[in-house]
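The values are calculated or read from the model by the stated rules, or taken from the named source; none is laboratory data. In this text, all values refer to a predicted model and were calculated from it rather than measured experimentally. Every residue, glycine as well, gets a Cβ built from its backbone with ideal geometry; the counts of neighbours run over all protein chains shown.
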């Protein structure tokens, strides 16, 4: 049933004084192992993020509305040093995320896509300790003739009973149905772990099939934990952004969204959206990422001849920072004391591990300008990947071909905010620096490729730039809808990127079905593509080292290496072998000169000290944005 706008009652066949009960749903999403508000990459406490910061808000919200549900919407098993530690086979302690949820009394959780990064055996082992149902209606062991005939990896839904008081103090027993929905693309993104083991269905198809089944099983209220984003204004609905479509399914009362790491509803700022928290009359909340927000959905329900219906609803995303939450630091720590006690042993082991020194470097490594200029941080990762591939290909015919690596500067601000940048000073290197440079559990993949396929890959990466008009001043360079982790570069190649030219998306829109259209590439953004002083021809053959995630998104030629070796292990071993890193060849790419043209680029506060790699763009600091980024003017 549709809810009325927040703060008002629906004008339906209900009387103002009729019996109503209030159900509160509390939710987290995309925690990514950020449990103790500690930044393991920077080796310091991280105030304003993490599940520990949210505990005070959770306790306050529960006290306000007895019988509240606490749910998580997925991506909790991967993403921090705590999570990486727990991915070791043979571990005897519960996964820290599961231990945290048990400690705080979570009622249910859904599987996100990153739960599958370590394979099914480790996932099954982690879930054994859960004292709450873990849900997914569209991740299947066997696909049946219809969704409700599928054999599932976990339970598709759970029915949770609550005794809720009405205005007069009388209690009523309600059954709340909670449905879990997982991105079906996991079969591609984690193909190495899941191929021929797991099947999926589209989220929307599963929701339409299971919600009526849940109602028939006695659910008075249906809440969907949908690990999918909320579409932004003007953005088409899609498989990674279909929370609104799921909310529109008949019988759904509320949706918790996730996956895209955004916040919904946003109640302040120039880009505020969905201030009432309703999509199509249904309450929807998306509580950010890494424990940045706590989602709160309040439903006021009235009895009907057939169960209960929502007569009023409200959705909010509450920041967990002490200032926004109205909690001082000591109070926040007091609330989180049981969580800290439960995870203390894991925390100490994680600290000891990430502080292991494995080498040293005489150069600063940063990603503050890695989206606008060739980056030493990217070159280091590329050298490690190439050396690994060269060792693995020794004695094979492919070893005679040029070996290149496609790499990504993972920490470049974006949705992670102005602290989401790599900043490694000259000096000792430890494992935490490895995870800073490479924060994902991807594995090494090498493929046989051609010059034209490499050109197409670089053209797709260059779509991150807005179309720049020559001769104009202060144009925004980076398209904010495109995450920085999609920007691939290939150290060892020389090329320029001209953002004044049409992007790959303009030349070959998705509906065209073109992957590497030779005809469309010639007038593109990549200019002067060369290798060792010679132009790269379309038919030139290369070995390209990439990772399992990028290979799943854009499969290339025949696979030469795919042994399940973690990229982080390759990088750590490279540093150990070298001992001291004194030089990193480059640069290889640059933005094409556009005389009389300036652009604006947002980076972290460290950009004030680390503009050397973009010195040719003459960076000028122009101010701090409302989101806390430091904005620089660059001269093309």
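Hey, among the residues in segment 306-325 that are surrounded by fewer than 17 Cβ atoms within 10 Å (Cβ to Cβ) and either assigned to a helix (DSSP H, G or I) or in contact with a helix residue (DSSP H, G or I) (Cβ under 9 Å, 6 or more places away or on another chain) (or both), which one's modelled with the lowest pLDDT? Show your work before the answer.
Within segment 306-325, the first condition is being surrounded by fewer than 17 Cβ atoms within 10 Å (Cβ to Cβ), and the residues that meet it are 306-307, 321, 323-324.
Going one step further and asking which of them are either assigned to a helix (DSSP H, G or I) or in contact with a helix residue (DSSP H, G or I) (Cβ under 9 Å, 6 or more places away or on another chain) (or both), we end up with 307, 321, 323-324.
Values: 307: 84, 321: 80, 323: 54, 324: 50.
Going through the qualifying residues, I end up with 324.
Do we have residue 576 as more than 31 Å from the chain's Cα centre (by Cα) and either at positive phi or surrounded by fewer than 21 Cβ atoms within 10 Å (Cβ to Cβ) (or both) here? Even if it seems obvious, please write down each step before you answer.
Working: more than 31 Å from the chain's Cα centre (by Cα): no; either at positive phi or surrounded by fewer than 21 Cβ atoms within 10 Å (Cβ to Cβ) (or both): yes.
Criteria not met by residue 576.
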Query raised in the report: Looking only at segment 263-289, which residues are in a loop (DSSP other than H, G, I, E, B), at pLDDT 90 or above and within 17 Å of residue 225 (Cα to Cα)?
Result: 265, 288, 289
Report summary line: Counting only residues that are within 27 Å of residue 346 (Cβ to Cβ) and free of Cβ contacts under 8 Å to residues at least 24 places away in the same chain, segment 59-87 contains a total of 1
**Report entry** In segment 59-93, the residues that are under 30 Å from residue 299 (Cβ atoms) and out of contact with any strand residue (DSSP E or B) (no Cβ under 6 Å at 6 or more places or on another chain)
**Finding:** 59, 60, 62, 63, 64, 66, 75, 76, 77
Report task. Considering each of 195, 185 in turn, give the residue that is within 15 Å of residue 227 (Cβ to Cβ), at pLDDT below 95 and surrounded by fewer than 19 Cβ atoms within 10 Å (Cβ to Cβ). Result -> 185
Query raised in the report: If you check residue 303 against the conditions, is it at pLDDT 90 or above, in the same structural domain as residue 225 (by TED's automatic domain parsing) and under 24 Å from the mean Cα position of the chain (by Cα)?
Result: no
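Taking the stated definitions as given, is residue 494 within 19 Å of residue 636 (Cα to Cα) and free of Cβ contacts under 8 Å to residues at least 60 places away in the same chain? I'd like the intermediate steps shown before the answer.
Details: within 19 Å of residue 636 (Cα to Cα): yes; free of Cβ contacts under 8 Å to residues at least 60 places away in the same chain: no.
Answer is no for this residue.
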Query raised in the report: Is one or more of the residues making up segment 592-611 part of a strand (DSSP E or B), in contact with a helix residue (DSSP H, G or I) (Cβ under 7 Å, 6 or more places away or on another chain) and either under 30 Å from residue 119 (Cα atoms) or not assigned by TED's automatic domain parsing to the domain that holds residue 363 (or both)?
Result: no
